[in-house]
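The values are calculated or read from the model by the stated rules, or taken from the named source; none is laboratory data. This structure is a prediction, so every number in the text was calculated from the model and none was measured. All Cβ positions, even for glycine, are placed from backbone atoms using ideal geometry, and neighbour counts span all protein chains on display. The protein model used for the area step is the full one, side chains on, heavy atoms only, and it has no ligands, DNA or RNA in it. Shrake-Rupley method; radii C 1.70, N 1.55, O 1.52, S 1.80 Å.
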Amino acid sequence: MDTARKSWHVDMDEAVVTGERTAVKAHDAMRVVRKLDLQEVAYGNSQTLRDALRLQNGVRLSQDLALGTGISLNGLGGLNVQILLDGVPLVGRLGGNIDLGQIRLDNIERIEIVEGPLAVEYGTHSLAGTIQLISKRGSTPETTLTSSLQYESVGDYTQSAGLRWKGKKSNTTLSLSHHAFDGWSTDDLTLDWVNDFVADSSRVSTWNPKRQGQINLQTIWTGDSWTWTPQIMAMGERIVNRGAPRGPYGEMALDDMYQTLRLLPSLRAKSFGDDGLRWDILASWQHFSRRKESTVMDLTTLESTPQGPEQQDTTRVVAAMTRGTRHMVFSDKSSIRAGWDIHHETYMSGRIEQGQQTMLDAAAFALVTLTWLNMEAQYGIRRAYNSAFESPLLPSGNILVKRGEHRFRGAYARGFRAPTLKELHFR
């Protein structure tokens, strides 16, 4: 196996990559990183990020019938938690949170949680911590087809299928999933099936019915010194909030429907040399939309008509980003990581001033790592320009001392939570 290929493939059960140059054992990482391996029994039945995080220390989840699942990490809310999918920050925060129930784990291999600011590497929203989802890699030597069917007695169904195949210099993975939940109330049967539409008071659910569909396509192409990873993820969700019968005879009801679409194509390129990873470049474009439709349901004819225009709302977020890191190794005792991090976001809504607002954030950062004897130290700095507000200079410092099997860590970091476009321009 040549040096470039050896630098790319790291086979360690406890390897982590978040905040590191290459995969290292979590025991030897500069920061404390929690790794959730989805192949383990404890997480084997986790369908969404909400399921995987609900038993983690320091993590508190909240549930809203319309906005979904929110998170707080060590007492700080969702606006202070950065959620990454293979290095790409997810957009589309509602009420300050990204709905964890929309982030499916069908094509995710593991989750890494870093507590504390990673603002030098990832900028705003990473004050409380960073949660990164790592996708599965199609490394099978032959074509493989998998499928699964899962049922939960509360009326929850999931069907998924995956296809992996290997080319001469490429590995490709395709996965599809469909999830249906017919809602739940305290008076539901022990074994619940998909129920038809009802026109009485039992149409109201404590937990709203919803459907989700997702598709993931990823290819890893390996050259002599570069690897290229194009991938695309598309997710759709529909939540129905059925109201109680109204009117003198209970002949009508007010219903809300929330439809969400997330589209995320990305491209990652890595360059390797004799000293390991040299360049790590990531680019992505992301579209998020959420449409609220409010209707009046005639329970005698089961026909619906739209409510007034003030009861309808559509929110769209379009974001483009690129991040590049140059890794330079000067000796066994010193190395540096330097790069750029650029984000451009457009927010569109009828409740935003002028209907549309944009924000550009461009930053340069550098981290220097020094090693001597049994000690490692890392110093970092980030300087950013933002079109909407002034960004502070962000420093960080970490130290790791190794004594046998024992590890002692010390850290200082400065982070900040910037205002979002909705907070700046919401009417």
Within segment 277-291, identify whether any single residue is polar (S, T, N, Q), more than 22 Å from GLY68 (Cα to Cα) and either in contact with a Gly (Cβ under 7 Å, 6 or more places away or on another chain) or in a strand (DSSP E or B) (or both), and answer yes or no. yes
Can you name the condition, by its number, that ALA15 falls short on among (1) hydrophobic (A, V, I, L, M, F, W, C); (2) modelled with pLDDT under 85; (3) over 28 Å from ARG278 (Cα atoms)? (3)
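Take the residues in segment 390-405 that are surrounded by 12 or more Cβ atoms within 10 Å (Cβ to Cβ) and more than 25 Å from the chain's Cα centre (by Cα); name whichever of them is modelled with the lowest pLDDT. Steps first, answer last, please.
Within segment 390-405, the subset surrounded by 12 or more Cβ atoms within 10 Å (Cβ to Cβ) is 391-392, 394-402.
Checking the rest, the ones that are also more than 25 Å from the chain's Cα centre (by Cα) come to 392, 395, 397-402.
Working: PRO392: 89, PRO395: 94, GLY397: 94, ASN398: 93, ILE399: 95, LEU400: 94, VAL401: 96, LYS402: 93.
Looking at residues that are surrounded by 12 or more Cβ atoms within 10 Å (Cβ to Cβ) and more than 25 Å from the chain's Cα centre (by Cα), I get PRO392.
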Among the numbered criteria (1) crowded, with 17+ Cβ neighbours inside 10 Å; (2) free of Cβ contacts under 8 Å to residues at least 60 places away in the same chain, which one does LEU367 miss? (2)
Suppose we filter THR173, THR190, THR130, THR124 for residues that are open to solvent by 20 Å² or more (accessible area, probe 1.4 Å), β-branched (Val, Ile, Thr) and either over 30 Å from ALA253 (Cα atoms) or outside any loop (DSSP other than H, G, I, E, B) (or both); which single one remains? THR124
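Please pick out the residue among ASP275, ASP255 that is closer than 29 Å to ASP99 by Cβ and either of a type in the set (A, V, I, L, M, F, W, C) or touching a residue at least 12 places away in the same chain (Cβ under 8 Å) (or both). Working first, answer last.
Numbers: ASP275 fails: closer than 29 Å to ASP99 by Cβ.
One residue alone meets the criteria, ASP255.
Which one is nearest to SER289 (Cα to Cα) among residues in segment 258-274 that are of a type in the set (A, V, I, L, M, F, W, C) and at pLDDT 95 or above? Explain how you work it out, then say what you get.
Residues of segment 258-274 of a type in the set (A, V, I, L, M, F, W, C): 261, 263-264, 267, 269, 272.
Restricting the remaining residues to those that are at pLDDT 95 or above gives 261, 263-264, 267, 269.
Values: LEU261: 5, LEU263: 9, LEU264: 12, LEU267: 22, ALA269: 28 Å.
Restricting to residues being of a type in the set (A, V, I, L, M, F, W, C) and at pLDDT 95 or above, the top hit is LEU261.
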Pairs please, first residue from segment 81-97 and of a type in the set (Gly, Ala, Ser), second anywhere and assigned to a loop (DSSP other than H, G, I, E, B), Cβ atoms under 6 Å, 6+ apart in sequence or on different chains. GLY95/LEU67; GLY96/GLY77
Tabulated pairs, segment 99-115, first small (Gly, Ala, Ser), second assigned to a strand (DSSP E or B) and open to solvent by 20 Å² or more (accessible area, probe 1.4 Å), C-beta under 9 angstrom, 6+ apart or interchain: GLY101/GLN63; GLY101/LYS210
Looking only at segment 373-389, count how many residues are open to solvent by 40 Å² or more (accessible area, probe 1.4 Å) and either within 29 Å of GLN356 (Cβ to Cβ) or touching a Ser or Thr at 6+ places or on another chain (Cβ under 6 Å) (or both). 5
Of the residues that make up segment 101-116, is at least one under 15 Å from the mean Cα position of the chain (by Cα) and open to solvent by 50 Å² or more (accessible area, probe 1.4 Å)? yes
Filter result for the condition that a residue is under 26 Å from PRO230 (Cα atoms) and either within 13 Å of the chain's Cα centre (by Cα) or surrounded by 22 or more Cβ atoms within 10 Å (Cβ to Cβ) (or both), over LEU53, LEU49: LEU49
Per the filter on segment 177-215, residues among the aliphatic types (A, V, I, L, M) and without any contact (Cβ under 8 Å) to a residue 40 or more places away in the chain are ALA180, LEU189, LEU191, VAL194, VAL198
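GLN357 - would you say it is under 28 Å from TRP226 (Cα atoms), polar (S, T, N, Q), more than 23 Å from the chain's Cα centre (by Cα) and part of a strand (DSSP E or B)? Please lay out each step first, then the result.
Values: under 28 Å from TRP226 (Cα atoms): no; polar (S, T, N, Q): yes; more than 23 Å from the chain's Cα centre (by Cα): yes; part of a strand (DSSP E or B): yes.
No; evaluated as a whole, the condition is false for this residue.
What residue, among those in segment 406-423 that are out of contact with any strand residue (DSSP E or B) (no Cβ under 6 Å at 6 or more places or on another chain) and either aromatic (Phe, Trp, Tyr) or at pLDDT 90 or above (or both), is nearest to VAL120 (Cα to Cα)? Let's see the steps before the verdict.
Step one: filter segment 406-423 for residues out of contact with any strand residue (DSSP E or B) (no Cβ under 6 Å at 6 or more places or on another chain), giving 406-407, 415-420, 422-423.
Next, only the ones that are either aromatic (Phe, Trp, Tyr) or at pLDDT 90 or above (or both) stay: 406-407, 416.
Working: HIS406: 27, ARG407: 23, PHE416: 10 Å.
Applying the filter and picking the extreme gives PHE416.
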Top-ranked residue of segment 133-146 - restricted to ones that are out of contact with any Gly (no Cβ under 6 Å at 6 or more places or on another chain) and part of a strand (DSSP E or B), ranked as surrounded by the fewest Cβ atoms within 10 Å (Cβ to Cβ): LEU145
Within segment 193-240, the residues that are small (Gly, Ala, Ser), within 30 Å of LEU254 (Cα to Cα) and surrounded by 15 or more Cβ atoms within 10 Å (Cβ to Cβ) are ALA199, SER205, GLY213, GLY236
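For segment 292-313, which positions are among the hydroxyl-bearing types (Ser, Thr, Tyr), surrounded by fewer than 15 Cβ atoms within 10 Å (Cβ to Cβ) and either touching an Asp or Glu at 6+ places or on another chain (Cβ under 8 Å) or part of a strand (DSSP E or B) (or both)?
Taking segment 292-313 and keeping what is among the hydroxyl-bearing types (Ser, Thr, Tyr), we get 294-295, 300-301, 304-305.
Filter again for surrounded by fewer than 15 Cβ atoms within 10 Å (Cβ to Cβ), leaving 300-301, 305.
Of everything in segment 292-313, those that are among the hydroxyl-bearing types (Ser, Thr, Tyr), surrounded by fewer than 15 Cβ atoms within 10 Å (Cβ to Cβ) and either touching an Asp or Glu at 6+ places or on another chain (Cβ under 8 Å) or part of a strand (DSSP E or B) (or both) turn out to be THR300, THR305.
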In segment 236-250, which residues are in a loop (DSSP other than H, G, I, E, B), closer than 19 Å to ALA66 by Cα and of a type in the set (Gly, Ala, Ser)? GLY243, ALA244
